[in-house]
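So the structure is just underneath, and the comments pick up after that.
Coordinate-derived values only; no laboratory data. These figures come from a predicted structure and were not determined experimentally. So basically every Cβ, Gly included, is an ideal-geometry build from the backbone, and we count neighbours across all protein chains shown.
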């Protein structure tokens, strides 16, 4: 409860106050105004929070477990110079509610559709980090006509192969045996590689604290293990697909990501050195460059 109070206080300071839609501008480093908006929408029985920054073709960033829209703070100012960047909180994370206990990728796909419909966005570039990969791929399979391109970042995204099933089972065993995140030493987190802790302990500590802002949501039956994709459904994807993985990712190792990519037509894999499970946070400059090059080449 204390963590939720802290999060609400932070968001109140930032101007987030209930169900509303606000539009305003801010100045970027070079003095160019960047349009911003934010709000809460109703999806089912829940309220889902989103933010929008920039103009142009839309790109949606889907956060991973223990994350929220704030984790993309190193991406939004960069991507918003050329794109309309949508960040949002999945059910039970950040500001979004989970009264029904139905949090999971199936509900999140419906919530994402509700956000895009509310914002009147027809087609998007999708990015899914870890848990967010299930949402991004789930939406892409269900609504391929609305997807320009897909980036799966450190996520097997429910793609079913022997290697990915082994990686998922190993992750669940490891997670069950790990100490609670708040019991780990300062700046340590299973989703971070050793390099960030050594090079930038303050940012590693920030990552650790962001993951503790709210208790994990109660989930129903639609967890990641219940959303899987085989070769037949993946073969129907005709838009560009990119996998990004940290070379030191211990949760979904590069070998599992490469194996998952073999089932996706024309997919590419990029490994980012000196990064664990969260290269978008650990090596943001390189991650952003990889994403921008991919987006510029996408139709």
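What fraction, in whole percent, of alpha-carbon pairs in the stretch 234-280 exceed 17 Å separation?
32 percent
Tell me, what is the percent relative contact order of the chain, built from C-alpha pairs under 8 Å that lie six or more residues apart? Mind dumping the intermediate values first?
On the way: 609 pairs, mean separation 54.2, N = 299.
Normalised by residue count, the contact order of the chain is 18 percent.
How much of the DSSP beta bridge set in the chain is antiparallel, as a percent to the nearest 5?
On the way: 19 of 45 bridges.
DSSP beta bridges in the chain are roughly 40 percent antiparallel.
Compute the Cα gyration tensor for the stretch 144-299, then decide on rounded, prolate or oblate, letting a ≥ b ≥ c be the square roots of its eigenvalues: rounded whenever a/c is under 1.5, prolate when a/b is larger than b/c in the other cases, and oblate in all that remain.
Working: a/c = 1.93, a/b = 1.33, b/c = 1.45.
It comes out oblate by the Cα gyration axes.
Dividing the alpha-carbon radius of gyration of the stretch 45-183 by 2.2 N^0.38 Å (N being the number of residues), what value is obtained?
On the way: Rg = 15.2 Å, N = 139, 2.2 N^0.38 = 14.3 Å.
Relative to the 2.2 N^0.38 Å estimate, the stretch 45-183 comes out at 1.06.
For the stretch 120-220, what relative contact order do you get, as a whole percent, if you take Cα pairs closer than 8 Å and at least 6 residues apart?
Here the relative contact order equals 19 percent.
Please state the equivalent ellipsoid semi-axes for the chain: what are the square roots of 5 times the Cα gyration tensor eigenvalues, largest first, in whole Å?
Values: eigenvalues 128, 108, 85 Å².
That gives 25, 23, 21 Å for the three semi-axes.
Report, in cubic angstrom per residue, the convex hull volume of the C-alpha atoms of the stretch 154-245. Present the calculation step by step, with values, prior to reporting the outcome.
Numbers: hull volume 13.4 nm³, N = 92.
Residue-normalised Cα hull volume stands at 146 Å³.
Work out, step by step, the length gained on full extension between residue 285 and residue 298: first 0.36 nm times the residue separation, then minus their alpha carbon distance; give nm to one decimal.
Between residue 285 and residue 298, full extension yields an extra 2.7 nm.
How big is the gap, in Å, between the Cα center of the stretch 194-267 and the Cα center of the stretch 28-89?
Each part's Cα centre sits 19 Å from the other's.
Provide 248, 271 in ascending order of the number of other Cβ atoms located within 10 Å of each residue's Cβ, fewest first.
271, 248
If we count other beta carbons within 10 Å of each Cβ, what is the order of 83, 171, 280, 73, fewest first?
Fewest-to-most Cβ neighbours within 10 Å comes out as 73, 171, 83, 280.
Viscosity 1.567 mPa s, temperature 4 °C: what is the translational diffusion coefficient of the stretch 63-131 from Stokes-Einstein with a Kirkwood Rh over Cα pairs, rounded to a whole number of µm²/s?
My calculation gives 100 µm²/s for D.
Which of 287, 88, 134 has the fewest other C-beta atoms within 10 Å, and how do the rest follow up to the most?
Details: 287 23, 88 28, 134 31.
Fewest-to-most Cβ neighbours within 10 Å comes out as 287, 88, 134.
Quick one: work out Rg over Rh on the C-alpha atoms of the stretch 140-187, Rh as Kirkwood radius. Kindly include the intermediate steps, with their values, before the conclusion.
Numbers: Rg = 15.9 Å, Rh = 13.8 Å.
My calculation puts Rg/Rh at 1.16.
What relative contact order, as a whole-number percentage, does the stretch 159-299 give when Cα pairs under 8 Å and 6 or more residues apart are counted?
Dividing the mean separation by the residue count of the stretch 159-299 yields 29 percent.
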